[in-house]
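Chemist: The structure follows.
The values are calculated or read from the model by the stated rules, or taken from the named source; none is laboratory data. Keep in mind it's a predicted model, so treat the numbers as computed, not measured. With ideal geometry, Cβ positions are generated from the backbone for all residues, glycine too; neighbour counts draw on all protein chains shown. Surface accessibility is based on the protein's heavy atoms, side chains included, excluding ligands, DNA and RNA. Shrake-Rupley method; radii C 1.70, N 1.55, O 1.52, S 1.80 Å.
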Amino acid sequence: MAAELNVVSPSIANRQTFLERAYTRYAPSLKGYLMRTVSEHEAEDLMHDVFVRMAKHKGLGMIDNLQAFMFTTATNLLRDRWRRANAKYAPVWVNSEDVNLESGAQDPCEVADWQEQLDRVSAEINRLKEKSRHAFELSRLYDRSYAQIADEMAVSVSMIEKHISSALVRLRRAVA
């Protein structure tokens, strides 16, 4: 395919021409493929994402079968979208009848050790900086994704990763 589109050098002009020709040739069939699963609007969004990924691909002119690459990328994007869409429907509560709240420990000393460890973790959570504690609680208690937390706290996803990472480091030390 790369040879069919006459890509000789990876210059920006040639990449743009290559992508334009690929779009002209494959967009209709790619859109039809995507519309078997999603609406026309979503298919167009996904097609855009496919071409963005192609534009970022460093070895674009070296791809042997561009059509297969595009359809595989589209399939992966569909899977990612499905996972994200269904993750929000995961239950965030547990029916109390489904949970055995009895301790498996028979030894009172073991129960006391577990309680002490739980107290240390609780105290450490309370000592976290407010933003780190909030991010940690949203992630672990309310099962929110880092992207959702970032939106809610009006910060970047990498900042949420840092908050939660620092919280986990401190909590690991508390139970060590």
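Chemist: Which one of the conditions (1) basic (Lys, Arg); (2) more than 26 Å from ARG83 (Cα to Cα); (3) modelled with pLDDT of 90 or more does LYS58 fail to meet, given that it meets all the rest?
Modeler: Of (1) basic (Lys, Arg); (2) more than 26 Å from ARG83 (Cα to Cα); (3) modelled with pLDDT of 90 or more, only one is false for LYS58: (3).
Chemist: Looking at ASP113, ASP64, ASP119, ASP98, which one is at pLDDT below 85, acidic (Asp, Glu) and open to solvent by less than 100 Å² (accessible area, probe 1.4 Å)? It would help to see each step written out before you state the result.
Modeler: On the way: ASP64 fails: open to solvent by less than 100 Å² (accessible area, probe 1.4 Å); ASP119 fails: at pLDDT below 85; ASP98 fails: open to solvent by less than 100 Å² (accessible area, probe 1.4 Å).
Only one candidate qualifies: ASP113.
Chemist: Kindly provide the set of residues from the stretch 158-176 that are surrounded by 11 or more Cβ atoms within 10 Å (Cβ to Cβ) and polar (S, T, N, Q), ordered by number.
Modeler: Hits for the stretch 158-176 are SER165, SER166.
Chemist: Within the stretch 79-93, does at least one residue satisfy the condition of being within 30 Å of ILE149 (Cβ to Cβ), among the β-branched types (Val, Ile, Thr) and either open to solvent by less than 50 Å² (accessible area, probe 1.4 Å) or modelled with pLDDT under 85 (or both)?
Modeler: There is at least one residue in the stretch 79-93 that is within 30 Å of ILE149 (Cβ to Cβ), among the β-branched types (Val, Ile, Thr) and either open to solvent by less than 50 Å² (accessible area, probe 1.4 Å) or modelled with pLDDT under 85 (or both).
Chemist: Additional query: Given the criteria part of a loop (DSSP other than H, G, I, E, B), modelled with pLDDT of 65 or more and in contact with a helix residue (DSSP H, G or I) (Cβ under 7 Å, 6 or more places away or on another chain), does THR73 qualify?
Modeler: Working: part of a loop (DSSP other than H, G, I, E, B): no; modelled with pLDDT of 65 or more: yes; in contact with a helix residue (DSSP H, G or I) (Cβ under 7 Å, 6 or more places away or on another chain): yes.
No; evaluated as a whole, the condition is false for this residue.
Chemist: If you go through the stretch 120-176, how many residues are under 22 Å from ARG81 (Cα atoms) and polar (S, T, N, Q)?
Modeler: 5
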